[in-house]
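Here's the structure, in structure tokens; my notes come after.
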Amino acid sequence: MPLTVLQVKNSAPREKDYGLADGGGLFLWVRAAGGKSWRFRFRLDGKQSHISLGTIEKVTLAQARQSASDARQLVAQGRHPGLERKVARAQASISRANTFKSLALEWHQHKSARWSVGYANDVMEAFELDIFGQVGSLPLIDIKPMQWLQVFRRIESRGALEKLRKVRQRCQEVYRFAIATGRAEYNPIADVAGALLTPKSRHYPFLAIAEIPELIQGFQSCPGHDMVKVATRLLILTGVRTAELRGASWSEFDLDNGLWMIPAGRMKMRRAHLVPLAKQAVDALRELQGISGGYTLAFPGRNDPAKPMSEAAINQLLKRSGYDGRATGHGFRHTMSTTLHEQGYRSEWVETQLAHLDKNSIRGTYNHALYLEGRREMLQWYADHLDGLPCGAGESSIVEGKSAR
């Protein structure tokens, strides 16, 4: 007959260990030295065996019966419940070790080989500022959608919706990496998207070429660090990305020959980029030497000269100059592209100057050198044309280009 709770409680030790059967292989094991525990006896592959299900202090009669029922199902499938339990414990141990931070670091190391140094640092900085302090120490598979919602709401409350989008995307990529490598089966972040605000889709604001001289006059007369003003002029004259400019070291510049070699490690596409410098750009860099020439970086940070100047410095200068929402550092690339294409310069020259990846990598490597003189001519025309535009011009004064270019 099945055991009762009272029988379990009143069973007393004897001279030898003994068992009280509950049925279906479950029995209470009473030790002569004292102590009572649940055991499940079964036969698998012709061999008699048993497993322990815990002491009565931790496992009630009802819980023991449920555990025995689960074990019987495994045996019916030809699986050893003891071995299955060891595997489950090992997996649980691995899961506890696989915190979100440990997997994020592993994912970052795996992916960053194909990223620029600046981009890799930006991704890690976002994790450290907004994610690791909240859920970094938790096992990845234990973090629930509600916890992720709370993490993302903290970013949302600052109004940083574009950053929220990027951070949430990176966290989802960590989960995809974990699933692909067998450390997770489910991505809970996918369930919180509908509860968060999303940034409005928009292109970077940019100015027409005729508006640039007035912009330059505006930020040159605006209060601010001269180094940031030089940086903004160089963005306009070269068309490089803001991160590529901010991280520049003086060793990359050959001012005598008007060349700037950006190493592959700092480029978005992980390919070295050779930038010809117009005379105006060389003059700006010589001016900059008087400000930061004693440092390794051309644009050192205000608080730590070993790090580049703030990512927001140029956009803050534009904002103080009255161009908030009208111009950004990235927008100067659009202005250059539009102007040079309209002027009739070869698309290959323009795209190479903007470091857009050539779909044919071999051709792209060859053209990198092939287009140098053409790009030098093109950028010098661009700088000279900017010099010739009046401030506040109502219409563009660009001379019609020739199709032979």
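The values are calculated or read from the model by the stated rules, or taken from the named source; none is laboratory data. All of these numbers come straight from a predicted model, not from anything done at the bench. Every residue, glycine among them, receives a Cβ derived from its backbone with ideal geometry; neighbour counts consider all protein chains shown. Heads up: the accessible areas ignore ligands, DNA and RNA and are worked out on the full protein's heavy atoms, side chains in. Shrake-Rupley method; radii C 1.70, N 1.55, O 1.52, S 1.80 Å.
Would you mind telling me which numbered condition in (1) in a helix (DSSP H, G or I); (2) surrounded by fewer than 18 Cβ atoms within 10 Å (Cβ to Cβ) ILE212 fails?
(2) is the only condition that ILE212 fails.
What number of residues within segment 67-90 satisfy the criterion of being open to solvent by 90 Å² or more (accessible area, probe 1.4 Å), in a helix (DSSP H, G or I) and not hydrophobic (A, V, I, L, M, F, W, C)?
4
Which of the following residues is surrounded by fewer than 17 Cβ atoms within 10 Å (Cβ to Cβ) and either touching an Asp or Glu at 6+ places or on another chain (Cβ under 9 Å) or not in a helix (DSSP H, G or I) (or both): GLY118, GLY159?
GLY159
Answer yes or no as to whether ASP256 is free of Cβ contacts under 8 Å to residues at least 60 places away in the same chain and either open to solvent by less than 30 Å² (accessible area, probe 1.4 Å) or of a type in the set (D, E, K, R) (or both).
In short, yes.
Filter segment 59-73 down to residues that are small (Gly, Ala, Ser) and touching a strand residue (DSSP E or B) at 6+ places or on another chain (Cβ under 8 Å) and give me whichever is farthest from GLU84 (Cα to Cα).
Top of the filtered list is ALA64.
Please find, within segment 121-138, the residue that is least open to solvent (accessible area, probe 1.4 Å) out of those that are farther than 19 Å from ARG158 by Cα and among the small types (Gly, Ala, Ser).
Step by step, filter segment 121-138, then rank; the result is GLY136.
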